[in-house]
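Heads up, the thing below is written out as structure tokens.
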Amino acid sequence: MMYDYIVLIGILSTCFSFTNSASIPTQPYKITNVVTRSWDEAIALAKGFATQMTLEEKCNMTAGVGGHCAGFVSPVPHLNFGGLCFQDSPSGVGDGVQFSTAFVAGIHIAATWDRDLFYQRAAAIGQEFRGKGVHFALGPMMNIDRNALHGRNWEGFGADPYLSGENSYYYVKGLQDQGVVATAKHYICNEQESNRTYHPKTGPSQGYSANLDDKTMHEIYLWPFAASVAAGAGSVMCSYNQVNGTQACQNNKILNELLKDELQFQGNVMSDWGATKVGVESALGGLDIEMPGRDGLMGYALLPAVKNGSITEARINDMIIRILAPYFLLGQDQDYPSLNLNNDATRDHYLLNRHIGTAGIILLKNIDNTLPFNMNTEKFYSIYGSAASRYNDGVDPHGLDGLDGALYQGGGSGYVRPTYFIDPLTALLTKARDFHLQIQYVVDQDDYVAINYSLENSGFLGGKCLVFINAWSSEGRDRHNLFAYHNGDKLVNTIAARCASTIVIVNSVSQLNLEAWIENSNVTAVVWSGLPGPEYGSAIVDILFGNYNPGGKLVFTIAKNDSDYGTNITETYNSNYTEGVFLDYRHFDKNNIIPRYYFGYGLSYTTFSFSALMISKVGQENHISQSLYRQRRVSSYSNKALLRFYESVYSITFTITNIGNVDGSEVPQLYLSFPEEAAEPPKILRGFERVYLEAGESKTVTLVLTERDISYWNTVNQKWIIASGKYTVWIATSANNADIKLEDDSLYTYFIDNQRTINHQLVIFGLRELNSTETKYICSNQPITDPPIIDKRFDFTSNYKILIYTSGCYYLDANNHWQSNGLVVGPLTNHYQTQCYSNQLK
Ligand code: BGC
């Protein structure tokens, strides 16, 4: 398949022509012959299938069996069912198989902040799983970057639940549009590797317990899983750790109550490999399939439990239906390719991978336009650091030897063995050949004799010095500290002490401490190359020489002090999420801590201006923008009553203009502050769009807020609630208040429903349009009964303001005087009086 976007190869010019991805089509990967059914149809087919199985067959299906895949579900030959293959990883077909594309890591795709690219990467990954006949992909991975040291941060989408949710949503869509089942993992709170499967008291089989409150669970950690379910995910993988003292894979609260009941998840829960600790209790707690099945806890082991009544056959049927429904949902029963893990399914995905690799690179510092290089006048380049080059051993088949050499992914089961790898040094040497540049390099970063010698090389004095540093981590291995590996800081400082134009390229799995050299005035530029996949070399060269204008943005905060993050992995077997919802930028904001670089930050070679912010209720046609950049928050295939919740209630429209001389992109970010009752951080990300603009071009952007986006989790009422009062909308280019470009605090909501009429008091209020004398008053003319009967919602924008609110129904008479209808039902609580501006009472 040819991509309809600009291929970034060889379009070079000495006067810097910038390329962006505005012409990428939205969903080029849709395979038209994939049969998708509704969940209801799929469940009906799965039910019909289950009725033809014996109890033995059904029990057997609840545990994996041996096979070539990471996990395998038993075939049922008499029903013409060949079994199901489950295979890693979130970034491509993994587990060491041949001929896969090693796609950019999760943390890198997130850094593009580009939903089109989220989708396209997932769709290309789906094509490869499908091309090899794999039924379930073991991804996406959406654990939140709570701990900067977590070894698996690179597989996920960063520190913010909204951003992670958007990534998860488009991943599931893209993958499942290819007919491959997505597995949202690791459910839930698997935010560290240390002690993930060991407990000193209970033996080697139990992991640490993540202990957290209900609000934090809903608003931070459950959020991306909810987005996956909304997108129709067929599977969820429960994690190794415990949650609030109970093993995740037998945790009734998180599996049955939160996932299956509250989120209405209709697919299956599979255990992480070896995360099942008991059989019957897990099945009752919500686990549907034990993987890889070697522990003998489920499968046939459930047979006696059914016979002795400890588990009902109905629950076994439910497990089978859940295991098979995704298979029918995505039409895997019809002409699905047969399993061949080493089949070459890579197509021309390297093109997309190169594009995304480039789009996710972040420019952090660029003093006096050090970058992009001008090849007419800047001819001499000295290159340093083992991270510029490849591993000594060539391509590592397991991803576990990443301590040296350029990194394209991290290690562990998330790693995909690439077919090739273009390291930065190779790409720079090629560039030098083609454009007559002079290069010297030292990649042995312990060889300070050679390094010092090179710094005295007279031909290169006054030239550019590129220092490549990295930090690696893996599943099973948290990092020990946040410094660059292999004395990277010493290397930077050594070079910067002698070279007046030192450019540092940071190739890191997640947060890194940059303090040892970031303020050195000789460090004139810093590029965060992230984990850009096997086209790393091509991508970084495009950025450095201006063939691509950087537009990636940080997906976590980079702190000045490691302790500033306020969270860390624990060695105590109890990981207490005491920070609550105050994670990453929310924590820095609350405590007024200035980080080195803010969440959402990233520079460009051009500049942008913002104007004309407007908030309107969705449905007010005059306010609906024609923008191509309307945020797409479409509903799921079928998730019953939850659809309403994802519908847009407000649209936020503004104009962005590229006021520089070159094409480029910006990511306007919508941060929202909530009324006080929501007890939220000062601001929360609730929208973004990567907007590509030619030099001088303007575009109108429309972001939408769904009902869920403006709600908070009310722990008393156990539901999402729109807070009453004033919201502030900020459009910013990072979480730094100094980067706020537009502000509007005219969004008020007032929400009455049966839960909000505390103490059964009568709730009455009136609205008057600004500059109008007409009041639209609304009152309840009868006392609230038990159960309460008021169930109305009113929300409004700056066109209205609240005029009255009290324990009676007031209205304006013909003489514009306030009158009461005399209905008084007792004083309202302070809570309501405060929320509703009682000082405006007449
Ligand atoms: C990992 C999972 C992975 C599974 C199968 C586990 O160790 O935590 O992410 O999918 O192995 O390889």
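Worth pointing out:
- Exposure proxy ranking, count of Cβ atoms within 10 Å, fewest first, for ILE451, ILE109, ILE320, ILE367: ILE367, ILE451, ILE320, ILE109
- Each peptide in 117-129, 209-221 receives the mean, over its residues, of other Cβ atoms within 10 Å, and ordering these scores from highest gives 117-129, 209-221.
- Sorting 601-607, 383-389 by their mean Cβ neighbour count within 10 Å, with the most densely packed peptide first, gives 383-389, 601-607.
- Here the simple spin-label model places points 7 Å from the Cα toward Cβ, and for LEU55 and ASP214 these points are separated by 3.9 nm.
- In this simple spin-label approximation, ASN452 and LYS590 carry label points 7 Å from Cα along the Cα→Cβ vector, and these lie 5.0 nm apart.
- Global form of the range 347-386, assessed from the alpha-carbon gyration tensor, a/c cut-off 1.5: prolate
- Modelled label reach - ASN576, point 7 Å along Cα→Cβ, the range 145-162 residues with backbone N closer than 20 Å: 146-148
- Footprinting exposure proxy for GLU281, GLU290, GLU193 (fewest neighbouring C-beta atoms within 10 Å first): GLU281, GLU193, GLU290
- Extension reserve of the LYS307-ASP344 stretch, reckoned as 0.36 nm per residue once the Cα distance is removed: 8.7 nm
- With a Förster radius of 51 Å applied to the C-beta separation of TYR300 and GLU647, the computed FRET efficiency comes to 0.65.
- Our estimate of slack between ALA432 and ALA44, defined as 0.36 nm per intervening residue step minus the Cα-Cα distance, is 133.5 nm.
- With 0.36 nm allotted per residue and the present C-alpha distance subtracted, the ASN244-THR607 stretch has 126.0 nm of extension available.
- Dipole magnitude (debye, nearest 20) for the range 334-380, charges at Cβ of Lys, Arg, Asp, Glu: 180 debye
- Taking ARG315, ARG146 and counting other C-beta atoms within 10 Å, the order from fewest to most: ARG315, ARG146
- Annotation: peptides 701-714, 39-52, ranked by per-residue average of other Cβ atoms within 10 Å with the highest first, follow the order 701-714, 39-52.
- Evaluated over the Cα positions of the range 39-329, the convex hull gives a direction-averaged projected area, one quarter of its surface, of 14.1 nm².
A short reminder: the numbers here are calculations on the coordinates, not readings from a lab. In this text, all values refer to a predicted model and were calculated from it rather than measured experimentally. For neighbour counting, all protein chains shown are included, and Cβ atoms are generated from backbone atoms with ideal geometry for every residue, glycine included.
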